[in-house]
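Accompanying notes for the structure given below.
The values are calculated or read from the model by the stated rules, or taken from the named source; none is laboratory data. Bear in mind the structure is a predicted one, so any value in this text is a computation, not a measurement. Don't worry about glycine lacking a Cβ; one is built from the backbone with ideal geometry, like all the others, and counts go over all protein chains shown. We work out accessible area using only protein heavy atoms, side chains counted, and drop any ligands, DNA or RNA first. Shrake-Rupley method; radii C 1.70, N 1.55, O 1.52, S 1.80 Å.
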Amino acid sequence: MDFLRPATWEDALAMKAARPDATPIQGGTDVMVEINLDKGRPTALLDLNPVAELSRWSWTAGPAPMLRVGAGVTYTRLIAELGGWLPGLAQASRTVGSPQIRNRGTLVGNLGAASPAGDGHPPLLASGALVEAESVRGTRLIPIGEFYMGVKRNALEGDELIRAVHVPPAAGPQCFAKVGTRNAMVIAVCSFAVALDLRARRAGTGIGSAAPTPRRAHAAEEFLAGELDWDGAGPVDPALARRFGELVAEAAAPIDDVRGRADYRRHALAVMARRALGWAWAEREV
Amino acid sequence: MAERMTVEMKVNGRPVRAEVSPRTSLADFLREERRLTATQLACEEGVCGACTVSMDGATVLSCLVLAVQAEGAEVWTAEGLDGAAAPLAEALHAEHGIQCGYCTPGILMRGGELLKEQPAPSERDIRLGLCGNLCRCTGYAGIVEAVAAAADPAAAPGERGAAPARREDERLLAGRGEFVNDVSPPGTLHVAFLRSTVAAGRITRLETGAARALEGVVAVFTAADLNPRAGDMRPTPLLNAAEPPLLPLAADRVRFAGEPLALVVAGDRYLAADAVDLIEVEIEPEPPVLDPGGAVEDTDRLVYAETGSNLYQELTSPIRPKLRRALEDAPQVVRATSRQQRQANAPLETRGVVASYDPDTGELVASLSTQNPHEAKLAISRVSGVPAEQVRVTARDVGGSFGLKVWTGRDELTVALAARVLGRTLKWIETRQENLTASGHARMDVGEATFALDEQGRILGCHLDHLEDTGAYPLGVVGKAGPFVGMVFTGPYRIPLHAFRFRSVRTNTCPRGAYRGPWAFATVAREQMLDEVARAVGMDPLELRRRNVLGPDELPYTMPTRLVLDHVTPAQTLEEVAARLDYPEVRLRQRRLLAEEGRLIGVGIAIGLEPSSIGTMQPIDRDTARLRVELDGTITAYLATGAGGQGVETTMAQVVAAELDVDLDAVRVVQGDTDATPYGRGTGASGTAVITGSACRAAAAELLTMAKELAAEHLGVPAERVEPRRGVLADRQDPGAAVSWAELAKTVSAHGPGERLEALGRYKAPPMTWSNACHGCVVEVDRELGTVRIERYVVAEDCGRMINAKVVEGQIAGGVLQGIGGALLEEVRYDAQGRPLTRGLAEYAVPTTLEAPAIEFVHIETPSPTPGGHKGMGQGGAAGALACVFNAVADALAQVGARVDRTPLDPARILTAFAEAGSRSPRPAARPPSPS
């Protein structure tokens, strides 16, 4: 196993171009587990930690600025520094592993691993994030919905690296919910995120760990945009919330595995989606 | 492997420059290259937190960081904390937040960071902050209290009666504990096993050429190399049992996925693992025997073809006519089933051995992670052929065991044999995957019982049919423990008639080993079934227990199996728990919450009876202690025990100090070295307080007899007038006349420089010493998600005279959390081909801080008729808790007609129960589990 240590982003891109087989490593909280458990040792590791600029975040230019979260920003920093703008993502980040994992692990690392169970994916889907991928050939922005290609597969080309992820700041209440086999240190049995956009009167959704890839629940989103009484006071209509939950569950394609059964996942998603909508809506009233 | 790279970093304030392979993790770099062994490895997948270090100001998991990634970093380990962690270290010491100590350095690192981030954390903050640091011993109670106390000393619960802090803690807090992986003599070679991934089949090819050719590989052993040289691998109690032979490596057949096929010896552990991957193996799979129920009758698929049956043991006690009539004709007859899942002990420290054979001296020295050093010595001698007097076993610190390490495992013995064959020093540290798939499993019992009751709910008799899955090979005394479940099934109840059938079967699964209460199923099954009986006859489970539990004036009570129950307080503990829980109030609240808010609350009670220190269980029914007076007047106690977190060095010192009336600090306990200590039983089976404690007392009495004689000469008075008093031997009639222990030691040493005042004490346990406890809890079940939250947890227990209340509570709290794990979370699982699915601590979910309830204790101290009046209590917590939590969940579910009969009660199982209730009952009270 070769260990490549670029000093700058340009070096990193050049190394990745020369060694498409190299696995990028940032916090290592995914990659190292694979290596330690002998689930396949990469031929080379490309350590992005020395590239200091990756650990910064900034605002993008333009009429609708987004938060550009560098590939080296850890969950701990994301929660502390960006939680005000990205509450759903921060809420999901708080459920990632343990404090030690969050001190080291990064959201972009989660994207690179593209595990269907990654906690960061549902809120990214719900808020319509963009993945900034770059290679020596150039930069492209991949809409998050097009990024996940299959179990642990993403849309990156062999020479591409993720430089950052662009996330729109919340335009309304957001909520993330997750069930696991215990209360901490768990990979999700299934998870769900909802982001309400009160100005545009629509909702984004994201489902985790209940399909080969993280995915949105399009029909549920359309249902809310059309049926939710966006001006209404008081709690969300229970029948509407239940229907929303059902539509979210219908969007999932879960399997049975060691963490949970498909029917449980579908059921739990319906419950979580209904509750998450209720919680998010209640937050709006405050 | 690529060439080595240079890395520079600062470790504990000192600059370090080294050449490392890029594959080396920071944890291994710190441990192996820097010899900083406080940082421990226990999962290597970022779940357990034992390897937590601080890197550039934030805690990270050093198993998930490569050493080369720490280039330029500032790294701190527990060894470097010194005074920095003092308040937390002191608090962990004071609050008994340490047992085996394996997780302690990680707790110190993360706890320190937590206190920096949140100087005044709430209990919830502490639990969230430490959720990534697993502890399998303490139930987290002492740890959470310690962090709170470190933040606010005024919040400390304060000194408890006779509960001195543990003397094991100092070295563990300083990161100077010595676990087996910390032992690395120069020239140590590393061992890795190739294991079967197939549950049953015939080995058709095993090609080791490529592995042998790998640079750095010293040897590759297969069955052909080692099996012919191996002596009897069975543990001492099973030596005379008729069993199929147990051999180091699978020769032609494999019988479970995880069975060792070959052993590689190489220069480092990564190389050894790489070489294992190069061995080519082909196994022709056969359909495995997996279901214990089906295995009984199955004569086509056999774990051992030569035996003609999968039935391993069968023991039936006759159903006499009176019982038969009761079971057929009693006014109320209830049948109940209880199934307990397959579990794993999962101590934080896996198994391991460092074995060294010196061909010149013929001596074999082995460091093991073991509860029972002398048994390890005997077993290693038998297997390796090295005479016992030339085998030395040491085991200083053991990172938890819970029964797993009481009998020496096949793998450790195989490594010791390989060391003998090679004449080298070999180290094998079990990976977590091996630990969860090949070290030994626990439980997997099915009980079906029939209870006969009269109209008033008094139990007239019962019958238990008990089936136990032993896995592919019997380990330890488990085969002998199974029938005991039936023997003690009636427990603390007035049940005049009882009979049972016990059967154990072999399956193509990991062998079953000892785990916290090998007969725990008696408590688990009975208490779960009693609730089922109560529901069937329409009586509150507390009331049913009140009508049947033995009261103080009924003791001694002869159980139907002729075992005599005495010096126990089941009725009193039951009432204590009912009162603490405010039982009638909980029932009212339960009904109100269901009616008004649709919420499901449940209350559960379980009475446990723990048979400890069993006098018929050779060779662990007895122990020997040696006491020696040193020249400075201090006393050294040499014990055969092993340090698994039970605080033996503290409690046994307390016993000796009390007997001799010397200062606690004047007594030192030496254990875990077969050369230094007399032969004995080790630590296990809840026997230390009674058996080892009584051996200490016997030795103290012997020492006092000699000391009194000597003192009498000194003082010029008859020996009868001499008594130990506050560290000296004094004349009863003249308070001023006394002689110190140091003076006596010097008197003896005058006979020769090596002469010491010393005494040996022996003790053999009486047939049975019972302890008892009642557990009670309140839970809430989420009706939609099937999740369970424990609201309150109360334990009223009677372990006789407590030596150290905090050690007692620590044992119970740890047991309770393992019971909660068994009730709700933990299950070892296989797929339909018998391949393990739970291979790491991410999949095998042991409880974190967030599942651990705060426990309220009530102590009743009814002395046992043994010298100290103690009773064993190390195992009952787990059995009581499992049944108690199960009963609470079942109670909640019963309100809506849902029923459960097996653990773990995971959300999917609970929702299935709701669904079945919905389809049975005309009034579906529960939401359907699935929209489909």
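Tabulated results
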item: Residue list for segment B:249-266, filter: open to solvent by 40 Å² or more (accessible area, probe 1.4 Å) and not aliphatic (A, V, I, L, M); result: B:Asp252, B:Arg253
item: Some residue of segment B:623-635 being in the same structural domain as B:Cys774 (by TED's automatic domain parsing) and assigned to a loop (DSSP other than H, G, I, E, B); result: no
item: Residues that are outside any loop (DSSP other than H, G, I, E, B) and modelled with pLDDT under 95, drawn from segment A:112-121; result: A:Gly112, A:Ala113
item: Residue satisfying all of: in segment B:773-794; surrounded by 24 or more Cβ atoms within 10 Å (Cβ to Cβ) and more than 25 Å from the chain's Cα centre (by Cα); farthest from the other protein chains (Cβ to nearest Cβ) among these; result: B:Val778
item: Residue count for segment B:17-52, restricted to those that are away from every other protein chain (no Cβ under 14 Å) and open to solvent by 10 Å² or more (accessible area, probe 1.4 Å); result: 8
item: Residue that is farthest from A:Asn183 (Cα to Cα) [pool: residues in segment B:898-913 that are open to solvent by less than 10 Å² (accessible area, probe 1.4 Å) and either of a type in the set (Lys, Arg) or not in a loop (DSSP other than H, G, I, E, B) (or both)]; result: B:Ala913
item: Tally of residues being more than 14 Å from every other protein chain (Cβ to nearest Cβ), open to solvent by 20 Å² or more (accessible area, probe 1.4 Å) and part of a loop (DSSP other than H, G, I, E, B) across segment B:835-873; result: 9
item: Candidates B:Glu455, B:Glu468, filtered to the one that is in contact with a strand residue (DSSP E or B) (Cβ under 9 Å, 6 or more places away or on another chain) and surrounded by fewer than 21 Cβ atoms within 10 Å (Cβ to Cβ); result: B:Glu455
item: Filter result for A:Thr106 (open to solvent by less than 30 Å² (accessible area, probe 1.4 Å), at the interface with chain B (Cβ under 10 Å from one of its Cβ atoms), among the polar types (S, T, N, Q) and within 26 Å of A:Trp9 (Cα to Cα)); result: no
item: Candidate set from segment A:243-258 (those that are touching a strand residue (DSSP E or B) at 6+ places or on another chain (Cβ under 9 Å) and assigned to a loop (DSSP other than H, G, I, E, B)); member that is farthest from B:Tyr830 (Cα to Cα); result: A:Ala252
item: Set A:His267, A:His218: member being surrounded by fewer than 16 Cβ atoms within 10 Å (Cβ to Cβ) and at pLDDT 95 or above; result: A:His218
item: Residue match in segment B:724-742 (condition: over 32 Å from the mean Cα position of the chain (by Cα) and in a helix (DSSP H, G or I)); result: yes
item: Complete set of residues in segment B:53-91 that are open to solvent by 10 Å² or more (accessible area, probe 1.4 Å), in a loop (DSSP other than H, G, I, E, B) and under 15 Å from B:Gly175 (Cβ atoms); result: B:Leu81
item: Filter result for B:Ala823 (among the small types (Gly, Ala, Ser) and open to solvent by 20 Å² or more (accessible area, probe 1.4 Å)); result: no
item: For B:Gly447: the one exception among (1) closer than 30 Å to B:Arg681 by Cβ; (2) within 20 Å of the chain's Cα centre (by Cα); result: (2)
item: Residues of segment A:75-103 that turn out to be touching a strand residue (DSSP E or B) at 6+ places or on another chain (Cβ under 6 Å), within 13 Å of chain B (Cβ to nearest Cβ) and open to solvent by less than 20 Å² (accessible area, probe 1.4 Å), as a count; result: 1
item: Leading residue by the ranking (most open to solvent (accessible area, probe 1.4 Å)) among those in segment B:736-770 that are within 30 Å of B:Met873 (Cβ to Cβ) and of a type in the set (Phe, Trp, Tyr); result: B:Tyr763
item: Matching entry among A:Asp11, A:Asp30, A:Asp38 (being buried (at least 19 other Cβ atoms within 10 Å of the Cβ) and of a type in the set (D, E, K, R)); result: A:Asp30
item: Filtered residues of segment B:322-364 (kept if more than 22 Å from B:Cys884 (Cβ to Cβ), assigned to a strand (DSSP E or B) and in contact with a Phe, Trp or Tyr (Cβ under 9 Å, 6 or more places away or on another chain)); result: B:Gln332, B:Val333, B:Arg335, B:Gly352, B:Val353, B:Val354, B:Ala355, B:Glu363, B:Leu364
item: The one condition in (1) closer than 30 Å to B:Trp741 by Cα; (2) more than 26 Å from the chain's Cα centre (by Cα); (3) part of a helix (DSSP H, G or I) that B:Pro584 fails to fulfil; result: (1)
item: Subset of segment A:29-54 that is within 16 Å of A:Leu111 (Cβ to Cβ) and either basic (Lys, Arg) or in contact with a strand residue (DSSP E or B) (Cβ under 8 Å, 6 or more places away or on another chain) (or both) - its residue that is farthest from the other protein chains (Cβ to nearest Cβ); result: A:Leu54
item: Residue that is nearest to B:His859 (Cα to Cα) [pool: residues in segment B:733-772 that are polar (S, T, N, Q) and out of contact with any strand residue (DSSP E or B) (no Cβ under 7 Å at 6 or more places or on another chain)]; result: B:Gln733
item: Residue under evaluation B:Gly517, criteria (1) part of a loop (DSSP other than H, G, I, E, B); (2) more than 30 Å from B:Arg410 (Cα to Cα); (3) under 25 Å from the mean Cα position of the chain (by Cα), criterion not met; result: (2)
item: Candidate set: segment A:1-28, residues that are of a type in the set (Asp, Glu) and within 14 Å of chain B (Cβ to nearest Cβ); chosen: the one nearest to A:Ala52 (Cα to Cα); result: A:Asp2
item: Segment B:760-789, residues that are among the acidic types (Asp, Glu) and more than 29 Å from B:Val577 (Cα to Cα); result: B:Glu784
item: Every pair of residues 6+ apart whose Cβ atoms lie under 8 Å, when the first sits in segment B:625-637 and is of a type in the set (S, T, N, Q) while the second is part of a loop (DSSP other than H, G, I, E, B); result: B:Thr636/B:Glu630
item: Any hit, segment A:185-197, residues being open to solvent by 20 Å² or more (accessible area, probe 1.4 Å) and modelled with pLDDT of 95 or more; result: yes
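Condition check ((1) within 30 Å of B:Glu32 (Cα to Cα); (2) crowded, with 18+ Cβ neighbours inside 10 Å; (3) among the charged types (D, E, K, R)) across all residues:
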position	(1), (2), (3)
B:Met233	no, yes, no
B:Val296	no, no, no
B:Thr299	no, no, no
B:Ala344	yes, yes, no
